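What follows is a short report on a single structure.
The values are calculated or read from the model by the stated rules, or taken from the named source; none is laboratory data. All values reported here derive from a predicted model rather than from experimental measurement. Using ideal geometry, Cβ is built from the backbone for each residue, glycine included, and neighbour counts are taken over all protein chains shown. For accessibility, only protein heavy atoms count, side chains too; no ligands or nucleic acids. Shrake-Rupley method; radii C 1.70, N 1.55, O 1.52, S 1.80 Å.
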Amino acid sequence: MVEPKSRTVGDSERSWCRAVRGGTGIAVLTLRTSTAPDIPRLQTSLHTLQTSHPILRSRLHPHANATAFSFLTSPTPFLKIASHTLPANVTDPLNQILELELNRNTWHDSSGAGLIQRDVGDDVFFVSVYALPNKSCWVVALRLHVSACDRTTAVLLLRELLVLMEEGGGAGAKSNNKEEASLAIEDLMPRGKGKKPVWTRGLDMLGYSLNSLRLTNLKFVDTKTARFSQVVRLQLNQNDTKELLAGCKWSGIKLCGALIAAGLMAAHCSKRSSRKYGVVTLTDCRSSLESPLFDNFGFYHSAILNSHEMRGGETLWELAKRTYEAFANSKKRNKHFSDMAELNFLMCKAIENPGLTPSSSLRTSVMSVFEDTVVDNGGKKQREVGVEDYMGCASVHGVGPSVAIFDTIRDGSLDCVCVYPAPLHSREQMQELVGKMKGILVEGAKTYKE
């Protein structure tokens with residue numbers, strides 16, 4: 001009998017293990033189809049993916065002290081598809097199933113006491129198929145633990161799965177012939193970029209802690225009730241998207257700068273005095289690691305936290321350039337590597353001591369974005385295999401921002417899934433915020449040369 005391969009999780013992965021317990025870091029992809037999925041072909045495709053990417057056939061095993069974990073990688077694929085029938089009163093299956101899966105926390109008790117398979121740990125990858133027969137609608141839901149699946153992994157997973165489904169399930173995914181998960185990001189960091197003198201690290205930790213006390217949050221609606229993740233979608237048509245991207249190019253920034261600016265303007269619009277807001281920008285580190293990675297599955301993102309002062313009266317492009325340059329300068333100073341340990345430590349401290357955050361909200365910033373936008377021009381091929389629409393994001397109802405933005409340009413149109421913790425923030429509140437952001441982006445896109 002071949003024994004599972006084992007690798008202790010890295011510091012970032014361990015932080016996510018702790019965050020997921022409380023509800024942040026459950027990654028979900030939902031795909032809506034108008035024809036019943038071919039379950040045998042889907043099962044074969046998923047097993048091919050597990051064979052090609054060891055992290056997908058791994059389980060999270062808690063150590064005896066319950067603060068450390070290991071990935072136990074099975075020598076063979078084992079995933080099984082769960083099937084469910086939706087009630088007839090479901091009105092928006094794609095959105096409602098996404099929210100259902102974001103709040104289905106298989107990992108809420110990773111101490112060992114609550115594990116079904118105590119000796120082998122918890123799976124990191126689950127797949128369910130939901131049927132709404134009276135409306136000829138099916139939703140395929142992929143749910144993963146973020147320690148094993150950052151946004152790049154989710155994008156690659158979706159692309160490879162659709163190729164496999166088109167080709168019959170047994171071809172299309174690249175076989176890497178590995179028996180165990182790739183190394184953690186800390187083990188692949190460029191030499192010297194993550195190191196600091198102890199006193200410098202201590203001062204930086206103090207700086208982050210003190211700065212967080214001065215940051216402004218969105219208004220909290222309900223701080224007492226147990227939280228769950230909900231989503232609001234922000235979509236622009238092709239013409240508005242084209243103009244917005246032209247504005248970004250004209251300004252010498254990436255789209256994330258415009259999204260941050262629109263979010264801050266929407267959040268601050270009713271304020272009369274100066275306020276500071278925290279924004280987290282997530283960046284994919286694969287290409288800048290000691291041994292560059294390109295299509296490895298796992299978690300290889302890092303975060304940069306910047307604070308921005310809002311006085312009122314800012315314009316989209318002035319603010320977008322200012323916020324993007326703050327992020328770019330931080331990245332040039334390698335803060336996505338050098339401050340990784342501090343941000344992981346502070347996240348875990350907030351989890352342990354919610355009272356250190358305003359109203360015990362566990363909010364660490366007003367919003368989070370990704371440095372790079374996902375570009376997906378595969379709509380035609382997706383429709384050929386029956387996929388009419390899809391959404392993807394990760395939960396934030398534990399520790400995290402007030403709104404996390406997952407942006408994609410799909411066949412030329414901007415499509416953002418905005419995730420927020422409810423009822424800390426209400427759906428009406430977030431719909432209003434996202435509506436204001438859309439208006440700011442559309443109007444700003446028309447005036448970028450002025």
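Structure above, values below:
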quantity: Contacts under 7 angstrom Cβ, first residue in the stretch 40-63 being under 17 Å from G10 (Cβ atoms) and of a type in the set (G, A, S), partner open to solvent by 10 Å² or more (accessible area, probe 1.4 Å) and assigned to a strand (DSSP E or B), 6 or more apart; calculated: S58/L72
quantity: Inter-residue pairs, beta-carbon under 9 Å, first closer than 18 Å to A154 by Cβ and in the stretch 375-387, second part of a loop (DSSP other than H, G, I, E, B), 6+ apart; calculated: D376/D411; N377/D411; N377/G412; G378/D411; G379/D411
quantity: Residues (open to solvent by less than 20 Å² (accessible area, probe 1.4 Å) and at pLDDT 95 or above) located in the stretch 94-130; calculated: L94, I97, L98, E101, L102, V124, F125, V127, S128, V129, Y130
quantity: Filter result (surrounded by 22 or more Cβ atoms within 10 Å (Cβ to Cβ) and either aromatic (F, W, Y) or over 26 Å from the mean Cα position of the chain (by Cα) (or both)) within the stretch 305-326; calculated: W317, Y324
quantity: Pick from the stretch 193-215, criterion among the polar types (S, T, N, Q) and surrounded by fewer than 18 Cβ atoms within 10 Å (Cβ to Cβ), ranking: modelled with the lowest pLDDT; calculated: T200
quantity: Hits in the stretch 269-292 (condition: open to solvent by 60 Å² or more (accessible area, probe 1.4 Å) and not polar (S, T, N, Q)); calculated: C269, K271, R272, R275, K276, E290, P292
quantity: Single residue of D295, D240 found to be closer than 24 Å to G392 by Cβ, among the charged types (D, E, K, R), in a helix (DSSP H, G or I) and open to solvent by less than 60 Å² (accessible area, probe 1.4 Å); calculated: D240
quantity: Filter pass, G22 being on the phi < 0 side of the Ramachandran plot, of a type in the set (G, A, S), touching an Asp or Glu at 6+ places or on another chain (Cβ under 9 Å) and surrounded by 18 or more Cβ atoms within 10 Å (Cβ to Cβ); calculated: no
quantity: Of the criteria (1) open to solvent by less than 10 Å² (accessible area, probe 1.4 Å); (2) touching an Asp or Glu at 6+ places or on another chain (Cβ under 7 Å), which one S302 fails; calculated: (2)
quantity: The stretch 417-441, residues that are within 19 Å of the chain's Cα centre (by Cα) and part of a helix (DSSP H, G or I); calculated: M430, V434
quantity: Pairs where the first residue, in the stretch 78-101, is closer than 16 Å to E388 by Cβ and the second is modelled with pLDDT of 95 or more and among the charged types (D, E, K, R), C-beta under 7 Å, 6+ apart; calculated: P93/R32; L94/R32; L94/D389
quantity: Any hit, the stretch 339-362, residues being open to solvent by less than 50 Å² (accessible area, probe 1.4 Å), of a type in the set (S, T, Y) and part of a helix (DSSP H, G or I); calculated: no
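Condition check ((1) at pLDDT below 95; (2) buried (at least 19 other Cβ atoms within 10 Å of the Cβ)) across all residues:
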{"residue": "R383", "(1), (2)": "yes, no"}
{"residue": "H397", "(1), (2)": "no, yes"}
{"residue": "D415", "(1), (2)": "no, yes"}
{"residue": "E428", "(1), (2)": "no, no"}
{"residue": "E432", "(1), (2)": "no, no"}
{"residue": "K436", "(1), (2)": "no, no"}
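Residues are listed down the side, and each one gets a yes or a no for (1) outside any loop (DSSP other than H, G, I, E, B); (2) among the charged types (D, E, K, R); (3) under 22 Å from E352 (Cβ atoms):
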| site | (1), (2), (3) |
| --- | --- |
| A19 | yes, no, yes |
| A27 | yes, no, no |
| T35 | no, no, no |
| L42 | yes, no, no |
| T48 | yes, no, no |
| L79 | no, no, no |
| P87 | no, no, no |
| V90 | no, no, no |
| N95 | yes, no, no |
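Per-residue answers, yes or no, for (1) under 24 Å from A328 (Cα atoms); (2) basic (K, R); (3) at pLDDT below 95:
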position	(1), (2), (3)
V366	yes, no, no
F370	yes, no, no
K380	no, yes, yes
M391	no, no, no
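Yes or no, residue by residue, for (1) modelled with pLDDT of 95 or more; (2) over 15 Å from V124 (Cα atoms); (3) among the acidic types (D, E); (4) touching a helix residue (DSSP H, G or I) at 6+ places or on another chain (Cβ under 9 Å):
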| residue | (1), (2), (3), (4) |
| --- | --- |
| A27 | yes, no, no, yes |
| P37 | no, yes, no, yes |
| L49 | yes, no, no, yes |
| A64 | no, yes, no, no |
| S74 | no, no, no, yes |
